Amino acid sequence: MQKHKIIEYIDILKKNNQLEKIVNCDEILENEVENISYNSSNVKENTLFVCKGFGDNFKKEYLEEAIKKGAFAYVSQKQYEVDIPCILIKDCFVSLSVVSGLYFNSVSNKLNMIGVTGTKGKSTTSYFVKYILDEYALANDKKNTAIISSIFTYDGKNTYKSKLTTPESLELFQNINNAYESNIENVVMEVSSQALKIGRVHSIDYDICAFLNISEDHIGPIEHPNFDDYLDSKLKLFQKSKVSCINLDMDYIDKVIEKARESKTKIITFSTKNKEANIYGYNIRKIELNTIFTVKTERETFDVTLTIPGLFNVENALAAIAIAKDMNIDNEYIISGLEKAKSAGRMELYYSKDNKILSIVDYAHNKVSFEKIFETTKKEYPDRKIIAIFGCPGNKAQIRRKDLGEVSGKNADYIYITEDDSAFETVLQISKEVEKYVKKYTTNYEIVEDRTEAIKKAVTKAVTSDEKYIILLLGKGNEESQKVGGKLVSYLGDSNNIKKCISEYECEKGVSN
């Protein structure tokens with residue numbers, strides 16, 4: 001991989017309006033950078049170290065450790081009393097993206113970059129796109145599409161569970177570079193509001209993007225102070241995209257379309273309500289466990305089958321279709337890709353052989369996703385009462401406690417309020433706050449602090465009742481850990497828990513086909 005000199009990093013920071021001044025850099029301007037890091041643990045000889053973090057989030061000791069390990073210059077918003085040259089910059093996050101882009105030789109410009117944003121549906125849509133493009137790749141002797149999502153990451157060299165919706169820019173460029181070196185042509189990725197707001201994706205431009213929907217979420221002191229900041233952050237994606245696929249059915253559509261037009265991006269619309277959309281989905285029907293709908297474009301009409309539950313997934317599929325059509329992907333690959341598509345932790349259906357236990361595991365964790373999953377569950381399973389199991393995360397998105405409490409209180413027949421990444425709060429403290437909003441609408445609830453125990457209690461309620469229930473396990477998806485304090489604590493997982501309960505029930509009752 002081509003290496004770059006310090007002077008080149010200085011020049012590109014200046015070009016991106018990030019450079020404040022350079023301190024004691026004259027003697028190293030021609031030195032080549034062998035490595036870039038913002039983590040002192042990953043420093044080696046000839047490293048350019050980036051001091052990442054606001055205020056007390058970055059400590060001088062990190063820089064000192066980096067110097068001991070081989071950092072020969074550092075990039076920072078603040079100058080420290082250390083013995084190596086300093087490149088002073090305006091914003092550490094934007095600058096990290098800038099230097100990462102140069103280090104990896106602007107590799108994102110060499111692939112087809114696809115970005116997906118929205119309050120709900122980013123992961124599912126990204127998977128839909130990947131399945132479609134993988135079908136095309138299989139038929140044309142090409143490599144499968146790379147995906148960077150909140151569920152897992154595949155970049156041609158590595159496959160692993162993700163920690164962030166959108167990785168830090170250095171890791172993000174590493175993923176993209178791995179894809180390039182693996183001869184992958186397409187990268188589809190979720191783009192979070194936070195990544196757009198702080199500049200984590202500053203140095204990445206997208207060939208095509210999708211804006212799925214918007215509603216209040218991630219509002220709080222750590223993320224977005226208000227909804228306007230959240231929406232404005234999302235809208236920045238248009239400035240970075242050649243083509244933008246937009247859901248005409250979303251809230252605030254007028255502002256979204258206005259911003260897209262200002263950004264000079266090519267606009268492709270999709271909808272299940274507006275026949276004038278470029279990609280129009282209609283005649284949506286449920287046949288057994290499948291969702292089937294008809295797609296009308298400007299030139300053709302064809303039917304699509306989704307094998308995952310959730311009528312709302314039609315919108316996600318339409319976004320993926322809009323992307324695929326702009327990429328000139330034939331209908332046969334769109335149809336076969338969507339029929340095969342699965343998204344771990346998204347609308348996963350589990351049931352016992354006698355159908356006494358029926359459960360859906362889904363990552364739904366905000367107001368709009370809760371409203372959607374209750375709406376679709378009532379439509380698809382009208383003969384079943386709903387048991388909902390969920391919690392709210394600690395130290396973030398405080399508004400969710402009100403939103404999820406109220407939505408579940410209005411729609412569920414019984415509720416178990418439980419743990420979901422309590423962080424530095426207690427499960428009971430969070431649950432009590434959620435309870436305030438649940439009990440405005442129902443008394444049919446209880447707080448069960450241990451999530452595994454809550455699932456067991458829900459299953460017992462379902463199998464001992466004369467009525468039929470569907471159990472919604474919401475918020476954790478396929479995650480197999482809980483964030484407790486500052487650590488990740490092992491958790492069996494919602495999918496594994498419900499599968500275990502079903503197996504134990506069938507064994508105990510001697511249930512067979």
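Of note:
Residue-wise test of (1) among the charged types (D, E, K, R); (2) open to solvent by 60 Å² or more (accessible area, probe 1.4 Å); (3) without any contact (Cβ under 8 Å) to a residue 60 or more places away in the chain; (4) part of a loop (DSSP other than H, G, I, E, B).
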| position | (1), (2), (3), (4) |
| --- | --- |
| Asn17 | no, yes, no, yes |
| Glu20 | yes, yes, no, no |
| Leu63 | no, no, yes, no |
| Ile67 | no, no, yes, no |
| Tyr74 | no, no, yes, no |
| Lys78 | yes, yes, yes, yes |
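- Residue in the stretch 114-133 that is open to solvent by 20 Å² or more (accessible area, probe 1.4 Å) and modelled with pLDDT under 95 present: yes
- Any hit, the stretch 316-339, residues being at pLDDT below 95, in contact with a Phe, Trp or Tyr (Cβ under 9 Å, 6 or more places away or on another chain) and either open to solvent by less than 40 Å² (accessible area, probe 1.4 Å) or more than 24 Å from Gly118 (Cα to Cα) (or both): no
- Residue count for the stretch 209-230 under the criterion of being open to solvent by 20 Å² or more (accessible area, probe 1.4 Å), aromatic (Phe, Trp, Tyr) and modelled with pLDDT of 85 or more: the result is 0.
- Take the conditions (1) open to solvent by less than 30 Å² (accessible area, probe 1.4 Å); (2) among the β-branched types (Val, Ile, Thr); (3) over 25 Å from the mean Cα position of the chain (by Cα); Thr301 misses just one of them, which is (1).
- Boolean, Lys439 is at pLDDT 95 or above and charged (D, E, K, R): yes
- Taking the stretch 233-298 as the region of interest, the strands (runs of 3 or more DSSP E) fully inside it that hold 1 or more residues being in contact (Cβ under 8 Å) with a residue 40 or more places away in the chain are 241-247, 266-271, 279-287.
- Any hit, the stretch 177-198, residues being closer than 30 Å to Lys264 by Cα, under 11 Å from the mean Cα position of the chain (by Cα), assigned to a strand (DSSP E or B) and aliphatic (A, V, I, L, M): yes
- Selected residue (only one of Glu32, Glu45 is in contact (Cβ under 8 Å) with a residue 12 or more places away in the chain, open to solvent by 80 Å² or more (accessible area, probe 1.4 Å) and in contact with a Gly (Cβ under 9 Å, 6 or more places away or on another chain)): Glu45
- Hey, Lys296 open to solvent by 20 Å² or more (accessible area, probe 1.4 Å), of a type outside the set (Asp, Glu) and either under 22 Å from Asp251 (Cα atoms) or touching a Gly at 6+ places or on another chain (Cβ under 7 Å) (or both) or not: no
- Cβ-Cβ contacts under 8 Å between residues 6 or more apart (or on different chains), taken from a first residue in the stretch 357-373 that is in a helix (DSSP H, G or I) to a second residue that is basic (Lys, Arg), are listed as Lys367/Arg400; Val368/Lys120; Ser369/Lys120; Lys372/Lys120.
- The stretch 440-457: number of residues that are in contact with a helix residue (DSSP H, G or I) (Cβ under 7 Å, 6 or more places away or on another chain) and more than 22 Å from Asp494 (Cα to Cα): 3
- From the options Lys468, Lys499, Lys476, residue that is touching a residue at least 40 places away in the same chain (Cβ under 8 Å), open to solvent by 90 Å² or more (accessible area, probe 1.4 Å) and under 26 Å from the mean Cα position of the chain (by Cα): Lys499
- Only one of the listed residues (Tyr351, Tyr363) is surrounded by fewer than 18 Cβ atoms within 10 Å (Cβ to Cβ) and hydroxyl-bearing (Ser, Thr, Tyr). That residue is Tyr351.
- The set of residues from the stretch 386-426 being without any contact (Cβ under 8 Å) to a residue 40 or more places away in the chain and of a type in the set (Ser, Thr, Tyr) comprises Ser408, Thr418, Thr426.
- Residue ranges of strands (runs of 3 or more DSSP E) in the stretch 89-171 with at least 3 members β-branched (Val, Ile, Thr) and touching a Leu at 6+ places or on another chain (Cβ under 9 Å): 112-117
- Among the residues of the stretch 383-417, the one identified as open to solvent by 20 Å² or more (accessible area, probe 1.4 Å) and at positive phi is Asn395.
The values are calculated or read from the model by the stated rules, or taken from the named source; none is laboratory data. On a predicted model such as this, the values are computed, not experimentally measured, just so you know. We place every Cβ from the backbone using ideal geometry, glycine too, and count neighbours over all the protein chains shown. Surface accessibility is based on the protein's heavy atoms, side chains included, excluding ligands, DNA and RNA. Shrake-Rupley method; radii C 1.70, N 1.55, O 1.52, S 1.80 Å.
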